[in-house]
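Trainee: Take a look at this one; I'll ask things after.
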Amino acid sequence: MNRESAVYLDSFRLAQYSVQVPCYICSQGNNWDAELCRHCFAPMALAHQATAKRSPPHMIATIGASGAGKTVYLGMLMDMLSRQPDCLQILTRGGFSVNIQHTTIAALARREFPSKTPNEPDRWNWVHCQVGSGKRRRAAELIMPDMAGESLLEEVDHPHTYQVVRSFLSRCAGVLVLIDPTKVRAGNHDQDYFTVKLLSYLMELDADPKRGWPSRPIALVFSKADQCEECFFDPAGFAQTHTVGLWRHCQERFRRHRFFAAGMAGACAYRDVAGVGRVRVPLRVEPRGIVEPFHWLVQQVVG
Amino acid sequence: VLWNLVKHLARSKQLAALAAAAAGLAGVVLGWMAGSAWLPFVCGVIALSSGGFFLGLRRAARNGPSLRSEVAAAVAVTAGGAETGDLVEDMLRDGRHALLLRPQILSHLTADQRRRATEAQAAEMATVPAGEVLLGVAGEDLDEGRDDPNDPAARGALVEVDEFYLDRRPVTNREYLRFVAAGGYEQMAIWDPQIWPAVADFVDRSGKPGPRFWKNGCYESGQDDHPLVGVSWYEAAAYARWVGKRLPTSAEWEKAASSPVQLPDAAPLQRRFPWGESMQRSRANLWGAGPGRTVPVDDYREGTNASDIRQLIGNVWEWTLDDFREPGLVLPAPMKVIRGAAYDTYFESQATCQFASGEVPVSRKHNIGIRCALGACDFRPPSAPSRTEEHAAPAELVLADEPALDSEVALA
């Protein structure tokens, strides 16, 4: 026996599917209920949140070689500014924005560094937050991803490999470039070369003298300065002495750049982990110079 | 009058001497041309003496005033007096009373000097009674089941600590200046022999002997009562020896901070913080709770423990005698244990009485200072048994071989 049943046509759903929602990072169309952009894997929540705001969010990139400390820096920065809103105050938007802060601080509290950021863009942590201060009347919106160093290197060496990297760096308003000074001091020039590669890549993306990278702010941060204390006293002098190529490149190409030093661990040791090998562990957490580069960059970007 | 006139015209002694030397030389030439017998001789003497004076002034200007005289003058200002020439008085003024109270020296002091030394000692150091302390256990370990709470041996090392004295406050800049002014960096006998080749490297920002962040052998103005920072473990140990004390062991430090309560057939109950079990950020200068830099050693009095020992947690880390070791950790270099957290310590879990970190002994960090200790046995005559052996409760300190001095013998 046949049973009658009524199937309603959800035409409003079809209508939603027929209209493509552009990704905020790569501007490619996606379904309205997509979690990640199918082209660049950025969270579609960014697009939904951004369209709800009157002023579009500014984008700030944190880049550097693999192991330079991008995840720790971003996680620590977010946690510090959300806990002590003296100079800058950060309020995250969306649950996904708290992930990097959560994983970094949980790892540091266990006296471990967070695990390496995977190369797959769909597994990166993204931060969408509101940043404000007592002086500024209106808070600014910022978007900051935690990109994997190896993906950056791959994109620089083979452009268009990582669409999300290319799209984001093309559109972002400023960058924090992290450099490991311990390797630089040890005479390893990889950091120097890699940073120059990244900066050259930025120039390739947009070399317009007025709106391109020559006039966009770049904060160059020696990220593990707690292991290399001379950085703290004179970061620019350290760069001039130890990363001569990078120093000259910045002087010639970028009008708005500044060197900083930041440190997070008071002292470090090593632990042998089965299957991983010897990993560095922080003996205590004492953040220094974390907020200053970001503060400078926000001032340059937002005004 | 002539010299003053030349000096006034030249506006500096060096220029005046140079001008006088030049005038002398000119006189020699003119006298020789004029055929005079005595004029070249007199002018030559003037030229030579003026030239020598000029060179002397130039050398003095290059070297600057001697460090010793400069710092001694600073000490005289800060400490309220200059050297008296009396060794005991100088030691009392320099805060080296712990040396004077040694049994070997005490009998040579006058009653007034003994009284002053004892009073200074009682004001500066607190008595920590003998007892057991459990090292190497953290509350989180128990919470997460990483240790068996029923097995005292698995929870950490139970260490017996003899009675000792601990400074009530970290060493201040003002106190350390006396050590620098007294030539502490030149008295090699108080330094560990293995660091002798490197003592000359322990200089301040101007290249003079002293803590890393000082300048011209002195600290910045307004920092008199701030805790000393920027010294290596070796400098800390040398200073402690100079004042007749030593650095505390890690067990002593934790004993003083956590005030263990002995229970029968059980591990001692220890506090997480000197004031109790929960973190109260108003009681310690930590990240997010203070100004983000060191504060005077008398601030944060709410964080004082029951024995009136201040700032055990927060403000600056403190060097201890012990080597830093932790199971499973591979150290990049030998380290010494530091205790007590600092003004930039981020996690509350790293600012407890139980938390110990490590630092390379030659590093001179911005947030590591000194607190000195002294064993109670150091004040006893060599033959007297220790209180631990006697199982005696801590009591007033009785100084060796000395007639009772009513109030001054009690250091409690």
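The values are calculated or read from the model by the stated rules, or taken from the named source; none is laboratory data. Because the structure is predicted, anything quoted here is derived from the model rather than measured. Cβ atoms come from the backbone with ideal geometry, glycine included; neighbour counts cover every protein chain shown. Side chains included, ligands, DNA and RNA excluded: accessible areas come from the protein's heavy atoms. Shrake-Rupley method; radii C 1.70, N 1.55, O 1.52, S 1.80 Å.
Trainee: Which number in (1) within 30 Å of A:ARG284 (Cα to Cα); (2) modelled with pLDDT of 90 or more marks the one condition that A:ASP86 misses?
Mentor: That leaves (2) as the condition not met.
Yes or no, residue by residue, for (1) assigned to a helix (DSSP H, G or I); (2) under 14 Å from the mean Cα position of the chain (by Cα); (3) touching a residue at least 60 places away in the same chain (Cβ under 8 Å):
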residue: A:HIS48; (1), (2), (3): yes, no, no
residue: A:ILE63; (1), (2), (3): no, yes, yes
residue: A:MET78; (1), (2), (3): yes, yes, no
residue: A:LEU81; (1), (2), (3): yes, no, yes
residue: A:CYS87; (1), (2), (3): no, no, yes
residue: A:ILE100; (1), (2), (3): yes, yes, no
residue: A:PRO114; (1), (2), (3): no, no, no
residue: A:GLN130; (1), (2), (3): no, no, no
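Trainee: For residues that are out of contact with any Lys or Arg (no Cβ under 6 Å at 6 or more places or on another chain) and within 11 Å of chain B (Cβ to nearest Cβ), tally how many sit in region A:268-278.
Mentor: The total comes to 4.
Trainee: Follow-up. Inspect region B:280-303 for any residue being closer than 23 Å to A:GLU286 by Cα, assigned to a loop (DSSP other than H, G, I, E, B), charged (D, E, K, R) and without any contact (Cβ under 8 Å) to a residue 24 or more places away in the chain and give the result as yes or no.
Mentor: Yes, region B:280-303 has at least one match.
Trainee: Shifting gears a bit: Consider region B:345-358. How many of its residues are open to solvent by 10 Å² or more (accessible area, probe 1.4 Å) and at the interface with chain A (Cβ under 9 Å from one of its Cβ atoms)?
Mentor: Total meeting the criteria: 3.
Trainee: Can I ask one more? Looking at region A:157-168, I want the residues that are within 20 Å of A:ILE60 (Cα to Cα) and have a partner that is buried (at least 19 other Cβ atoms within 10 Å of the Cβ) and charged (D, E, K, R) with Cβ atoms under 6 Å, at least 6 apart or on another chain. Which pairs are those?
Mentor: A:TYR162/A:GLU155; A:VAL165/A:GLU155
Trainee: Scanning for something of a type outside the set (Phe, Trp, Tyr) and either more than 18 Å from A:VAL291 (Cα to Cα) or open to solvent by 60 Å² or more (accessible area, probe 1.4 Å) (or both), does region A:68-80 turn up at least one residue?
Mentor: Within region A:68-80, none of the residues are of a type outside the set (Phe, Trp, Tyr) and either more than 18 Å from A:VAL291 (Cα to Cα) or open to solvent by 60 Å² or more (accessible area, probe 1.4 Å) (or both).
Trainee: Quickly run through region B:282-301 and pick out the residues that are under 28 Å from B:VAL128 (Cα atoms), away from chain A (no Cβ under 11 Å) and not small (Gly, Ala, Ser).
Mentor: Those that are under 28 Å from B:VAL128 (Cα atoms), away from chain A (no Cβ under 11 Å) and not small (Gly, Ala, Ser): B:ARG283, B:ASN285, B:THR294, B:VAL295, B:PRO296, B:VAL297, B:ASP298, B:ASP299, B:TYR300, B:ARG301.
Trainee: Let me ask another. Quick check, is A:GLN163 in contact with a helix residue (DSSP H, G or I) (Cβ under 9 Å, 6 or more places away or on another chain), open to solvent by less than 40 Å² (accessible area, probe 1.4 Å) and away from chain B (no Cβ under 14 Å)?
Mentor: No.
Trainee: If A:SER97 passes every condition in (1) open to solvent by less than 20 Å² (accessible area, probe 1.4 Å); (2) farther than 22 Å from A:MET264 by Cα but one, which one does it miss?
Mentor: (2)
Trainee: List every residue pair whose Cβ atoms sit under 7 Å apart, with the two residues 6 or more apart in sequence or on different chains, where the first one lies in region A:282-298 and is within 14 Å of A:TYR73 (Cβ to Cβ) and within 14 Å of another protein chain (Cβ to nearest Cβ) and the second, anywhere, is open to solvent by 10 Å² or more (accessible area, probe 1.4 Å) and basic (Lys, Arg).
Mentor: Close Cβ pairs (under 7 Å, with a partner that is open to solvent by 10 Å² or more (accessible area, probe 1.4 Å) and basic (Lys, Arg)) amount to A:PRO282/A:ARG111.
Trainee: To continue, here is another question. Given the condition over 21 Å from A:VAL175 (Cβ atoms), charged (D, E, K, R), touching a Gly at 6+ places or on another chain (Cβ under 7 Å) and within 14 Å of chain B (Cβ to nearest Cβ), answer yes or no: does some residue in region A:234-252 qualify?
Mentor: No, the conditions are met nowhere in region A:234-252.
Trainee: Further, regarding this structure: Output the strands (runs of 3 or more DSSP E) that fall wholly within region A:217-303 and possess 3 or more residues being within 19 Å of the chain's Cα centre (by Cα) and not basic (Lys, Arg), or say none.
Mentor: The strands (runs of 3 or more DSSP E) meeting that bar are A:218-222, A:257-261.
Trainee: Right, here's the next one. Take the residues in region B:302-335 that are charged (D, E, K, R) and within 11 Å of chain A (Cβ to nearest Cβ), then tell me which one is surrounded by the most Cβ atoms within 10 Å (Cβ to Cβ).
Mentor: Looking at residues that are charged (D, E, K, R) and within 11 Å of chain A (Cβ to nearest Cβ), I get B:GLU326.
Trainee: Further question on the same structure: Looking at region A:141-156, which of its residues are out of contact with any Leu (no Cβ under 8 Å at 6 or more places or on another chain) and either closer than 11 Å to A:ILE63 by Cα or open to solvent by 10 Å² or more (accessible area, probe 1.4 Å) (or both)?
Mentor: Within region A:141-156, A:GLU141, A:PRO145, A:MET147, A:ALA148, A:GLY149, A:GLU150, A:SER151, A:LEU153, A:GLU154 meet the criteria.
Trainee: Next up: Looking at region B:249-270, is at least one residue at negative phi, part of a loop (DSSP other than H, G, I, E, B) and open to solvent by less than 10 Å² (accessible area, probe 1.4 Å)?
Mentor: no
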